[in-house]
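This report refers to the structure that appears directly beneath it.
None of the figures in this text is laboratory data; all of them are computed from the coordinates on show. Since we're looking at a predicted model, the values are computed, not measured. No Cβ is skipped: glycine too gets one built from the backbone with ideal geometry, and neighbour counts run over all protein chains shown.
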Amino acid sequence: MKTLAFYLPQFHEIEENNKWWGKGFTEWVNVKKASPLFRNHNQPREPFNDYYYDLLDVETLKWQSELANKYSIDGFCFYHYWFNGKRLLDKPAELLLENKDINLPFIFSWANEPWTRSWDGSHRDVIMPQSYGDEADWLNHFNYVKPFFEDERYMKHNGKPIFLLYRSASFEKCNEWIQYWRKLAKDTSFGDIHFVSTLTSFAQDHRELDFDAELNFEPMCTFEHNMGKIKPLVRKVIGRVKRISNEKLNTNHVEQILSYQSIWDKILEKKYSETHYSGAFVDWDNTPRKKTKSLVMKGSSPKVFKDNFDKLYKKSMSENVPYLFINAWNEWAEGTYLEPDKKNEYGYLEAVKDTVEKYKNR
């Protein structure tokens with residue numbers, strides 16, 4: 001079984017973010033300006049040794065690859081942003097492709113959602129809309145990713161490059177696109193593509209589509225779809241009360257605070273298989289992005305994460321799951337990252353390594 005970590009490439013400047021958020025914007029801007037909103041709130045999150053890296057520096061990719069190899073992360077799942085021919089945050093992956101000496105297996109997840117000012121992929125306050133074009137754009141897109149698919153480091157399933165789609169439900173011609181790419185792949189060295197649908201917080205797609213597998217994107221898949229019917233309603237009512245209090249009384253209440261363990265309990269109840277991949281998560285706290293309109297989970301620590309990750313890893317192995325996805329390698333503004341920070345240092349990475357080595361020869 002391979003362990004992969006989702007990877008956010010928004011740690012370098014791009015022209016569009018400078019326009020939308022101000023000159024010099026990267027993910028570190030939100031991370032640095034975060035502040036505690038309640039007692040013992042772990043903010044701001046600070047990288048170990050104050051390493052506020054730039055992903056346009058090839059030395060950063062080398063450092064990340066060395067960490068991943070040392071701590072038993074088998075590969076990174078790069079978020080890939082394509083908007084009908086328009087690419088965003090594409091330089092880190094292109095830099096990796098250029099530097100063949102960096103030992104970093106990887107795949108792509110097409111994060112096919114609109115960019116919004118609320119950071120939630122909704123259709124409110126859209127700053128970069130998502131559209132899908134027709135076969136001309138699909139061909140252009142395929143030709144762009146083809147050199148990555150052909151790279152020796154790009155991870156393959158039975159010889160087929162693995163490609164994730166984040167939100168199939170919003171893609172009306174999703175099946176036509178998949179079938180077109182499969183047709184194009186027949187004339188390549190890899191012959192076909194291993195398509196994976198991502199189960200997220202958004203509405204599930206009940207169409208019969210030509211995906212080869214699906215995966216649980218945690219914690220949002222469980223948070224939105226597996227916590228029972230009453231609790232979400234109660235959370236919404238409490239969140240509304242807090243929001244009104246913040247607006248009318250100038251308070252500073254976070255709208256949703258949830259037990260970290262409660263999500264993991266549901267994750268560990270789920271069934272997985274050779275075509276339904278399991279998902280783990282490190283933590284969750286997106287107050288750097290959304291301030292009081294956030295979700296914060298309480299109770300995460302390297303030890304608690306390790307206890308749960310160990311159970312999920314063992315369960316996944318017993319159910320013949322080929323890939324376990326961790327959210328995330330570096331989602332600093334959402335509080336879910338394996339990279340070392342000042343509070344926990346290498347604790348979460350060590351939890352992964354200890355677990356993988358424990359079951360490696362079983």
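Computed quantities for the displayed model
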item	result
Normalised contact order of the chain, rounded percent, pairs of Cα under 8 Å and 6 or more residues apart	19
Relative packing of 319-328, 53-62, which averages over residues the other C-beta atoms within 10 Å, highest first	319-328, 53-62
Among beta bridges that DSSP assigns inside region 2-359, antiparallel share in %, nearest 5	25
Per residue convex hull volume, Cα atoms of region 29-75, in Å³	120
Semi-axes of the equivalent ellipsoid for region 131-176, Cα gyration tensor, largest first, Å	22, 14, 8
Dmax and Rg, reported as Rg then Dmax, of region 264-362 (C-alpha, Å)	14.1, 46
J(HN,Hα) series, region 71-80, from Karplus relation 6.51 cos²θ - 1.76 cosθ + 1.60, nearest Hz, glycine and proline x	10, 6, 8, 7, x, 9, 9, 6, 5, 10
Kirkwood Rh, Cα atoms: Rg over Rh of region 2-359	0.94
